[in-house]
Amino acid sequence: MPRWLATLWGTWAAAVGINVVIWLLVSVSTADLVYFWPMWVAGPWGALLLVATLGGLSRGEPQRWAERQARKQERKRHRGGY
């Protein structure tokens, strides 16, 4: 998976995961299902990330990312001699 996708969605997944755990702990500690407020973190942010992901894919970001990685590896090879 390209780093740009992992960075975008990994941060989102971590934040949503923390919010769901907090919601779950509150629900368990009160012995009642509390209103599922993490959807207000996950939904809008996820929708924006989806638009950014689709936009990046449509503009060819995976190919540009692969080309940048190849150039970076080539520079390392020339610099390091291996």
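Bear in mind that the values in this text are calculations on the coordinates, not laboratory data. This structure is a prediction, so every number in the text was calculated from the model and none was measured. So basically every Cβ, Gly included, is an ideal-geometry build from the backbone, and we count neighbours across all protein chains shown.
The set of residues from region 67-82 being of a type outside the set (Lys, Arg) and surrounded by 11 or more Cβ atoms within 10 Å (Cβ to Cβ) comprises Glu67, Gln69.
Mind listing whichever residues of region 1-38 are touching a residue at least 24 places away in the same chain (Cβ under 8 Å) and either over 25 Å from Gln63 (Cβ atoms) or assigned to a helix (DSSP H, G or I) (or both)? Within region 1-38, Arg3, Trp4, Leu5, Leu8, Trp9, Trp12, Ala15, Val16 meet the criteria.
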